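Right, one structure below, let's go through it.
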Amino acid sequence: TVIEKLSTNQKYGVGIMVALCAMYVGYLLTATIHYLEPSDPRLKEVFFGNEPWIVLCNDGSSIDDVFEAVSRKETGVSFGVLDCDAELPSKKTTFQRLKLNAAVTKPAMFFSGYGRDPKQLPAKLLRNQYVFRKEITALTRLPAVKIKDTTKLYKKCLKKGNCALVLAGGDMDAEAVRAVNKAAEVSPQFSWVILDSNSYKLRKPSEKDIGIRKYQGSGHNRLLLLGENNGEDGSSLSALPYLGAFDEENVVAFVKGFNQSDTSLKQIDPEALAVMKRKLQHQYRAPSSSPTVNEEATILPTAQQEENRRIATARRAERELAKRAAMDAEGGDFIEYEGGDDEDDDEDDEDDDEDEDDEDDDEDEDDYDSDDEDDEEEILD
């Protein structure tokens, strides 16, 4: 055969060539970078979907070494390359469509996913793999959008139809983060959003009317599932609050068992549910003790105490007489105006309207008890 006729060195050379070809084929098969075209139908999902993506703005002629190396090591994110200067079907470039800055230091790059608005990433992340992977870990820590007003609630949650709203008691601990991550993994149909309960709350209807557990401060996480229900009365959302322990096993089981078609669930108007600011509770500050441990209290004799009280009473009486004399003097110079004019009447009408509006706002305020609802204001968009 041909192989048998080759010399020993030639055989070694053929073996090396075969091994290199096999390695190259394996390299191509394990490639994890998606080369996207401006007309690619996947772009809508890449830009605005739930799956996390990191996209490098490049015409594909050359790929940054750090970007390529990290794309082979990170399994929870999809990596893509797209010519962001090319025109999309909308006649806009990717820079224009996503409102990215095209004048930054090249290469330009952005992160998208979890229903968030695409976020432009600095080119300095590509200096080394460690920095780049550390940023990816931070971006993908929670598969959710953080919201703090009614506009974001509607856009990122209610408008989506199926939404999981986490009412977080401040920064979530590791156990709560694992619970959200796993629950989001098994429920791709849900858009996950997080509202900081330490600063904000729900209204129209209130959290109490929805059946959500009462807010108990930092570290207390709650969950509300919302599912689209197109009934005879129009589009509404079926709401089911979670009342169990906020751990991975129980939260995942709750999400899996959600049935938005259950007629017993409370129905919510997606255009009415709103976010309002939570009034911060004033902390009680205990009075300082007096005297201190190094001081002794000075106790005045009884006669001296009586004399001090008499002097204080006399001074109050003098101040009161002076105030009354001043008021009488002002009253003698006062001339009462009769008749009025149209401008004054208009001002009175405006004051009456403002009073009525204030009364209506007061009637709308609703919460678990009167101690929690004093003068909270709705965040208007």
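The values are calculated or read from the model by the stated rules, or taken from the named source; none is laboratory data. From a predicted model like this one, the values you see are computed outputs, not experimental measurements. All Cβ positions, glycine included, derive from the backbone under ideal geometry; neighbour counts span all protein chains shown. Note: accessible area is taken over every heavy atom of the protein model, side chains too, but ligands, DNA and RNA are not part of it. Shrake-Rupley method; radii C 1.70, N 1.55, O 1.52, S 1.80 Å.
The table for this structure:
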read-out	value
The stretch 143-267: relative contact order as a whole-number percent, Cα under 8 Å and 6+ apart	29
Chain lengthening between Gln267 and Glu45 when straightened (0.36 nm per residue, less Cα-Cα)	77.0 nm
Nearest-10 value in Å² for the accessible area of His34, using the 1.4 Å probe	70
Highest-first arrangement of 196-206, 270-280, 86-96, where packing means the average Cβ count within 10 Å	196-206, 270-280, 86-96
For Leu243, net neighbour charge (Lys/Arg +1, Asp/Glu -1) across residues whose Cβ lies under 12 Å away	+3
Simple Cβ-charge dipole of the stretch 115-207, Lys/Arg +1 and Asp/Glu -1, about Cα centre, in debye nearest 20	400
